[in-house]
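Read-outs: derived from the displayed coordinates by stated rules, not from any lab. Model, not experiment: these values are computed from the prediction. So basically every Cβ, Gly included, is an ideal-geometry build from the backbone, and we count neighbours across all protein chains shown.
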Amino acid sequence: MINLTINNKKLQVEEGTSIFEAAKQNNILIPHFCYMENVHQIGSCRICVVEVEGGKTLMASCVTPATEGMVVHTNSERVRDVRKVIFELMLSDHPKECLSCWRNQNCELQELGNLIQLHEFRYEGAKSKDVIDGSSPSIVRDSSKCILCRRCVTVCNEIQGVGLMNPHHRGFSTFIGPSEDELLGESVCTNCGQCVLVCPVGALKEKDSTAAVWEALYDKSKTVIVQTAPAVRAALGEIFLYEPGTLVTGKMAAALHQLGFNYVFDTNFAADLTIMEEGSEFLERVKNAFTAPDKKPVLPMITSCSPGWIKFMEHRYPDQLAHLSSCKSPHMMLGALTKSYFAEKMNIDPAKMFVVSVMPCTAKKFEITRPEMFNQNGLADVDAVITTRELGRMIKDAGIDFRSLEEGEFDSPLGLSTGAADIFGTTGGVMEAALRTVYELVTGRELPGVRLHIQPLTGLNRIKTASLKIENPLPEYSFLNGVTVRVAVTSGLKGAAELLEEIKNGTSPYHFIEIMGCPGGCISGGGQPRPVNDAIRTLRLKAIYREDEGKMVRKSHENEDVMLLYTDFLGAPLGHKSHELLHTVYTQRSKN
Amino acid sequence: MPSIYQLKRVDFIFKDEKDWKEILKNSLNRPANELINELISSELKGRGGAGFPTGLKWKLTAEEEEHTKYVICNADEGEPGTFKDREILSKVPLKVLTSMAVCGHVIRSNMGYIYLRGEYFFLQPELKKSIKEFEDYCREINFDFSIRIFMGSGAYICGEETALFESMEGKRGEPRNKPPFPSTYGYMGKPTVINNVETLAHTYTIFEYGAKRFYDLGVQYSRGSKLFSVSGDTPKPGIYELELGMSLDDFVDEFGDGDTKAVQVGGASGFLVPRKRFGETAIGFQGKLTGISLPTGGSMMLFNSSRSMYNVLDNYLEFFREESCGQCTPCRVGCQQLLNGIKAVKRGEKNAQYLDKLLRLTETMQYTAKCGLGQSVANSFSSIVENFREEMIY
């Protein structure tokens, strides 16, 4: 333990604690800006400087370790004085257009301003170049608003391993982004949006799709259908000041009805469908591996629900694409079904349908633009993707008092789902959902484990693995008797690269891998409410499991509506219709 | 004037290096502790400008348990007005190489690097020859030490030791947070001794003649001699080895053109001393003599009355705005604000009191910038603005 004094208060902290953390643990707040606990601690903004007795200069408290006998002042005349000047310098290179900024009232620079209380601007130097890069369907970069905190750089490099967002040039000309002439839309950007999630100001934002949605809602000739992803209901509430981890499924459905959507469907329905398709695909690959090796089945099979991950794979491992499941992501499946099955059933012209997906994700905005996601008649499976944040804005904009809404419900027939679908929203969920079905199909018995959970696959660890020994399978799967099935789960693209390297080197021991592009999975996707940290991830994750455990039916193959869909329309998993509507192909892309 | 103020020319650094093999062999035969104590008792301080005690630096790195360690010679001589390291590396490279190897012996490292300023590319062929000769001899005496040259790419900030490591590791040249310091976490995260070219040359002198000879030169807190790069309005620009502790008065007597208005000590990141303060200013590290005492990397720029101090400052700020790495707010935004600020005052767009606001800004930079670059902008800015305020306005 280390003894130190902060603001005349004698404290004891563990060795290795930063001054900032030491202060925080003892309820002393040091104004800060670029700092993100355990993620981004580089001391670049200098807002959190403090006076350490005996020091020649002030110290950035977020990166300076507390040492024995240290005497710190966080609020001395000098500290408060320079903090004001630094904040003023930041503002001098920031457009003061707060009222027209999307981050208005949800901006960390504004929050800091509230603390620091600056009432005059003394320094009126130059402004950074305002380059607005709107080339990407997912993310917009506005360099005039960038205050160079570099959180996006850390996330893009250290967490995601994509390495696209970086500082370029020197001195005041420094800017953060892809290299000088490179546009986001033409780069290796995976559209994961983790940079958007950590941007404290309005420099990185999702590309707005709400205007298109409003337009469709006002168009009387259109049937406007909305679907919501599993993770949205576990986070949307935060926008309306609910505690993180509050499920707002019913209120969300009610709000969507009030916004004027003709049908409110649940992407979870398609998550169950995904399990049927993906599980069957996995079983087919495994079966071939044991009984028909000449068909050269590719294992491990990797999940394909996360479009950020897919694009990363296409750029980084173009030779390994055969490992990807050919399943479209759930909302694309539901879109395709809406414009075929549902249109047929309700006798609506698919061309007059407008399908909106509410997603925790920015990469889904890119996904719907892929050429594979248009049907034979040239109609898009999904017409617009809005993020959880954008839905929040629409609800506010429409004057809906979210908190006082009565609980609503999803519409049938594409609204019913099982607990297996709920857990798609968190890392490990797709794998667990798949195993609940696959294990039962193979053995005729329920998946072992406490309350159907595979404990090693839950939680926020980067790479999680599990193995499952198959004993006494049903006769048709007798070749699996005694086989140990090995699975791995990762979220965040750095972990993905680690698992892919193993595959590339031929050392991967796994049969089935779940990969989600964002750390923690969709609960902390690039389109979710800010802030996101491990504490909030955990709360959202628990909410997702609560939703699962609250369901009567918790296995995808027991979803009656899904079964009905097969008998009514699709035939069998991996059948002809499925292939046409629910499966896709991938594209080799360049590495840079 | 007390005698310590007198200007004394000495000749150690550029004295021939023909005995290098003997000095290397003798030093390698001495225990690490003895060599460290020799350096400590010489009171040699780093000659790059920051003045950290060299013996202590070696000692701290020697004490690290780590198996892999590095010796790095900082030859990224980028301070405006400094050109001494180039001369050392072309005239007495073997002294530098010898000291690097002795340092390797002391801290138990077998790998040395010379980080050579991008603009000194032309030094490479000759330097490589010397390295070859040196390494051959090391093999001959069975001492395992090799030296590589790492070419910089022309960024001033990479002279800052941690930015230099980043650059060598193939990253963007930006300073790291300290602590940890290089002695525990340097190049590739390993304990590293990084010394300026001249510092290494002085350690050679100390190993050749003993600490006493070095210590006897100079004054309290500032022992030994130092190379000065003399430029500007002087009839005899060049490199001179002088004892530390001299007064600026004596210096100007020797090197001035009779009309010296001010001397910039320590390059753009140093201080400008106006004529009225020459007498009370001594060149050394710290500790007040009778007047102020200035540390210096050895750049001495003389300005006569034909020079506009506004232009001088404008020039420095242009330099800093360009060379700031762009990482921390005070330096990135501050340098540009200072430059724009003095221009606005000069053009009459801002009143003279704006200079005081800018001085307050430099104070913030001095206290909060992440590295020495941003911290030292205040030096030239405040010393020029305070002493030549009228030139900034009219």
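Quick rundown of the values:
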| read-out | value |
| --- | --- |
| Whole-Hz ³J(HN,Hα) from phi, Karplus 6.51 cos²θ - 1.76 cosθ + 1.60, for region A:114-125, glycine and proline x | 4, 6, 7, 6, 9, 10, 8, 10, 9, 10, 10, x |
| Within region B:159-222, trypsin sites (Lys or Arg not before Pro) in DSSP loop having at most 13 other beta-carbon neighbours inside 10 Å | B:K171 |
| Packing-based order for A:254-263, B:131-140, A:335-344, A:230-239, using average beta carbon neighbours within 10 Å, highest first | A:230-239, A:335-344, A:254-263, B:131-140 |
| Long-range HN-HN contacts of A:C361 with modeled amide H, under 5 Å | A:T388, A:G527 |
| Dipole in debye (nearest 20) - the protein assembly as shown, about Cα centre, beta carbon charges: Lys, Arg +1; Asp, Glu -1 | 1040 |
| Cα long-axis angle, helix A:307-316 against chain A (0 to 90 degrees, to the nearest 10) | 80 |
| Zone residues, region B:236-253, relative to B:E280, backbone N less than 17 Å from point 7 Å out along Cα-to-Cβ | B:247-250 |
| Unsatisfied cross-links (Cα-Cα over 21 Å) in the set B:K95/B:K129; A:K145/A:K364; A:K494/B:K171; A:K24/A:K494 | A:K145/A:K364; A:K24/A:K494 |
| Partner aspartates and glutamates for B:K128 [C-alpha distance under 14 Å; skip if fewer than 8 residues away on the same chain] | B:D136 |
| Counted charge near B:D257, where neighbours are those whose Cβ lies closer than 11 Å (Asp, Glu -1; Lys, Arg +1) | 0 |
| Spatially proximal lysines relative to A:K396 (Cα-Cα < 20 Å; intrachain offsets below 8 disregarded) | A:K205, A:K207, A:K251 |
| Listed peptides A:164-174, B:295-305 by packing density, highest first (mean Cβ within 10 Å) | B:295-305, A:164-174 |
| Most positive-pole-ward Cα, A:A384, A:T490, B:T192, against dipole of the protein assembly as shown from beta carbon charges | B:T192 |
| Size of charge dipole - region A:2-92 - debye, nearest 20, with Cβ of Lys, Arg +1 and Asp, Glu -1, no other charges | 260 |
| Helix B:93-107 axis, angle to chain B major axis (alpha carbon atoms, nearest 10°) | 70 |
| Dipole axis of chain A (+1 Lys, Arg; -1 Asp, Glu on Cβ), positive-most option in A:L273, A:G171, A:P318 | A:G171 |
| Sequence of A:M431, A:M552 once ranked by neighbouring C-beta atoms within 10 Å, starting from the fewest | A:M552, A:M431 |
| Within 10 Å of each Cβ in B:318-330, the average number of Cβ atoms from other chains | 6 |
| Unit charges on C-beta of K, R, D, E only; dipole of region B:3-215, Debye | 240 |
| Reach of B:K346 by Cα under 18 Å, taken over lysines that are not fewer than 8 positions away in the same chain | B:K357 |
| Local electrostatic count, A:K364, Cβ distance below 15 Å [Lys/Arg +1, Asp/Glu -1] | -1 |
| Nearest-ten-degree value, helix A:249-259 long axis tilted from longest Cα axis of chain A | 90 |
| Ascending count of other beta-carbon atoms within 10 Å, so fewest first, for A:V188, A:V131 | A:V131, A:V188 |
| Loop GluC sites (Glu not before Pro), region A:27-82, which have at most 16 other Cβ atoms in a 10 Å radius of their Cβ (DSSP) | A:E37, A:E53, A:E68 |
| Shielding by other protein chains, A:508-516, mean Cβ within 10 Å | 0 |
| Dipole of chain A, positive end: most advanced residue of A:N191, A:H583, A:M359 [Cβ charges, Cα centre] | A:N191 |
| Sites A:Y566 and A:N38 - FRET efficiency at Förster radius 45 Å, r taken between beta-carbons, to 0.05 | 0.45 |
| Residue mean of other protein chain beta carbons inside 10 Å, A:50-63 | 2 |
